[in-house]
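Read through the structure below, which is laid out as structure tokens, and then see the notes.
The values are calculated or read from the model by the stated rules, or taken from the named source; none is laboratory data. These figures come from a predicted structure and were not determined experimentally. No Cβ is skipped: glycine too gets one built from the backbone with ideal geometry, and neighbour counts run over all protein chains shown.
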Amino acid sequence: MWLHTSCNLNFTIVSPTPFILMLRPRSGAQQWVARESYTFSPSVAAVEFTDAYGNLCQRLIAPPGQFSIRTSADVMTADTIDVAPGAPFDEVQNLPDAVLTYLLPSRYCESELFFDMASGMVAGVAPGYDQVACITDWIRREVRFNSESPFDLMSAADVNQRREGVCRDLAHLGIALCRALCIPARMVVGYLHGLAPMDLHAWFEAYVGGRWYTFDATQDAPRGGRVTVAYGHDAANVAIFSQFGPAVAPTGMQVSVELLEAAPA
């Protein structure tokens, strides 16, 4: 399927403010970016780099006054996601080097705290994909997804205690539970077609059966129509914008995902 995505951000800048942005999807095995637009108003110089996770990032200094960022992309992506019940657990000694880092505890995913909970949750379940599916189903049942949650950015431990959160928070808990079982897991941020209310979305991927699979506790069933923007250990690695100096909150943010009837000309 072809999707047209857009994200518009508006800021009121008091003093020159350095930003790092992470808003560009990249082509890969699961998606193809056919057309892209990325503009600043007023126009400023930006330098692009690729971070340690392969995400496309931009550095710039926003001038005082009104500052806006406009991005859009036409992306081909799958209308379904792969599922693989029974896909086996990968022994740690056999994991690719690049995957090992996703076994480690991170700022918002304190996996060292969840061994007993995770082990009890998947007792009797075949190691690998089925364990991750079991974890995702448990989160879907036991943690309330609330897109307007009053709680600030939470770690997995916070989410487990409060049993409520936004998509990012539910992903943190899923990641921590997987890593507690020595299943590599990583955070994904991007777009989801048909999401309501529309916003940027977060989910997680787990590495089983020799590849990454998508899991999303906010959805009732496996669902495609996803455009990935960034990967990381947790939310600390996938912020769509980071500013340095006095905190600057967006004065406006608009996100849209539209289905295109045909491939872009």
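Entry remark, region 15-30: residues being under 28 Å from ARG211 (Cβ atoms), in a strand (DSSP E or B) and modelled with pLDDT of 95 or more number 3 in total.
LEU21 falls short on exactly one of the conditions (1) within 17 Å of the chain's Cα centre (by Cα); (2) more than 23 Å from SER242 (Cβ to Cβ); (3) buried (at least 17 other Cβ atoms within 10 Å of the Cβ), and that condition is (2). Every condition in (1) surrounded by fewer than 16 Cβ atoms within 10 Å (Cβ to Cβ); (2) among the small types (Gly, Ala, Ser); (3) in contact with a Ser or Thr (Cβ under 9 Å, 6 or more places away or on another chain) is met by ALA73 except one, and the failing one is (1). Under the condition of being part of a strand (DSSP E or B), in contact (Cβ under 8 Å) with a residue 60 or more places away in the chain and small (Gly, Ala, Ser), the residues counted in region 63-83 number 3. None of ALA133, ALA157, ALA196, ALA98 is of a type in the set (A, V, I, L, M), modelled with pLDDT under 95 and surrounded by fewer than 23 Cβ atoms within 10 Å (Cβ to Cβ) except ALA196. If you go through region 31-56 and keep only what is under 27 Å from ALA78 (Cβ atoms) and in a loop (DSSP other than H, G, I, E, B), you end up with ASP51, ALA52, TYR53, GLY54, ASN55. Within region 68-126, the residues that satisfy the criterion of being of a type in the set (Ser, Thr, Tyr) and touching a Gly at 6+ places or on another chain (Cβ under 9 Å) are SER68, THR77, THR80, SER106. When ALA29, ALA46 are screened for being of a type in the set (Gly, Ala, Ser) and within 17 Å of PHE241 (Cβ to Cβ), only ALA46 passes.
Within region 245-261, the set of residues being of a type in the set (A, V, I, L, M) and surrounded by 12 or more Cβ atoms within 10 Å (Cβ to Cβ) comprises VAL248, MET253, VAL255, VAL257, LEU259, LEU260.
Criterion applied to ASP169, ASP137 was being of a type in the set (D, E, K, R) and farther than 17 Å from GLY232 by Cβ, and the one residue passing it is ASP137.
Scanning region 171-181 for any residue that is surrounded by fewer than 16 Cβ atoms within 10 Å (Cβ to Cβ) and at pLDDT 95 or above turns up nothing. Filtering region 231-265 to residues that are of a type in the set (Phe, Trp, Tyr) and more than 17 Å from ILE69 (Cβ to Cβ) leaves only TYR231. Among the residues of region 209-242, those identified as within 26 Å of ALA62 (Cβ to Cβ) and over 11 Å from the mean Cα position of the chain (by Cα) are PHE241, SER242.
The C-beta contact set for region 112-141 (first residue assigned by TED's automatic domain parsing to the domain that holds LEU173 and part of a helix (DSSP H, G or I), second residue exposed (fewer than 13 other Cβ atoms within 10 Å of the Cβ) and not charged (D, E, K, R), distance under 9 angstrom, 6+ apart or interchain) comprises TYR129/PRO85; TYR129/GLY86; ASP130/PRO85; ASP130/GLY86; ALA133/PRO85.
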